[in-house]
Every structure is written in structure tokens, then in C-alpha cells.
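A.B. asks: Would you mind keeping the following structure in view while I ask a few things?
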Amino acid sequence: MTFDELTLGQTASFAKTITEADILLFCAVSGDTNPVHIDAEAAKASMFGERIAHGMLSASLISTVLGTRLPGPGTIYLSQTLKFRAPVKIGQTVTATAEVTALDPAKKRATLATRCTVDGKVVLEGEAGVMLPG
């Protein structure tokens, strides 16, 4: 998608069910081996009462939307703010959504509201800045 094809209010989403394998692979890639993600006993004693997914694992699904759906291939991710609202548990389906909220034609940049939800409940939200080809 080129900059000229974007419109305010345009949205796209991507959904993924978080699995045990996703968490273990994210640990391996990121180096984040916080026990709340991988140790059932430690997680049980935590404020969550059970293992949870990495917040950044859910946040990474926003990158999927931006790079493959809206704006799509060729998009350069420039910035992202995040507010984590609720944990994501193994087996839950996270839906990442991006909505175009501002356009800067001079720089071919867009601002998008970003959020991830589980069963309609917001688990994280923020704002992304991207640069588009063309």
C-alpha cells in the first residue's frame, strides 16, 4: 500500500492464539526468562496466579499488522508507545488492531492507534508512527 492509498479511520487486524511454544520461543529469541512466563510454581505465587505471556509478545503482533496488513509490506516502523492493561494467558487469542489516525503527506508518514484485545478486553494500547513507500 502506498501513502496515497491510506485514509483516516482505516483499520486492519491480526489474531493469534498464544501457545506454550510461542512463550518458550519468545524466551529464546528475547532472552527474557522471567519465571512468571516459564515457571508454573513461581507464576502461581505471583499476582497473576498462573503463567502469562510476555507483554512484548502481544505487542509484537502490532508489528505483524503494520508490516503485512496496514499499511503493509514496505512500511518502516518508526515509533511505538505501549500501555499494558491486562495479562495474556496461554490459550487466549490476542487480536492486534491498527487504525490510521493522522497522515503527514510531506513526509509520507502515518500515525496509527494500536491495541491488542482478548475477548474484546483491551490488554494493551498505544500509538505507532510509520513511514510508507511511494
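A.B. asks: Go ahead and run the numbers for FRET between Ala28 and Arg85, Cβ-Cβ distance against an R0 of 30 Å, rounding to 0.05.
C.D. replies: 0.70
A.B. asks: Relative to the first principal axis of the alpha-carbon coordinates of the chain, what is the inclination of helix 20-30, with its axis defined by its Cα atoms, in degrees from 0 to 90 and to the nearest 10?
C.D. replies: Its long axis makes an angle of about 70 degrees.
A.B. asks: Calculated from the structure, semi-axes √(5λ) of the Cα gyration tensor in Å equals which of [x] 22, 21, 16; [y] 31, 14, 12; [z] 26, 19, 13?
C.D. replies: Of the listed options [x] 22, 21, 16; [y] 31, 14, 12; [z] 26, 19, 13, [y] comes from this structure.
A.B. asks: With everything on Cα atoms, drop me the angle between helix 55-68 and the longest principal axis of the chain, reported from 0 to 90° to the nearest 10.
C.D. replies: 30
A.B. asks: Exposure proxy check: Asp4, Asp39 ranked by fewest other beta carbons within 10 Å?
C.D. replies: Details: Asp4 11, Asp39 14.
Fewest to most other Cβ atoms nearby, the residues stand as Asp4, Asp39.
A.B. asks: Near Lys44, which lysines are there with a Cα under 18 Å away, not counting those fewer than 8 places off in the same chain?
C.D. replies: Cross-link targets: Lys89.
Read-outs: derived from the displayed coordinates by stated rules, not from any lab. These figures come from a predicted structure and were not determined experimentally. Neighbour counts run over all protein chains shown; Cβ positions are idealised from the backbone, glycine included.
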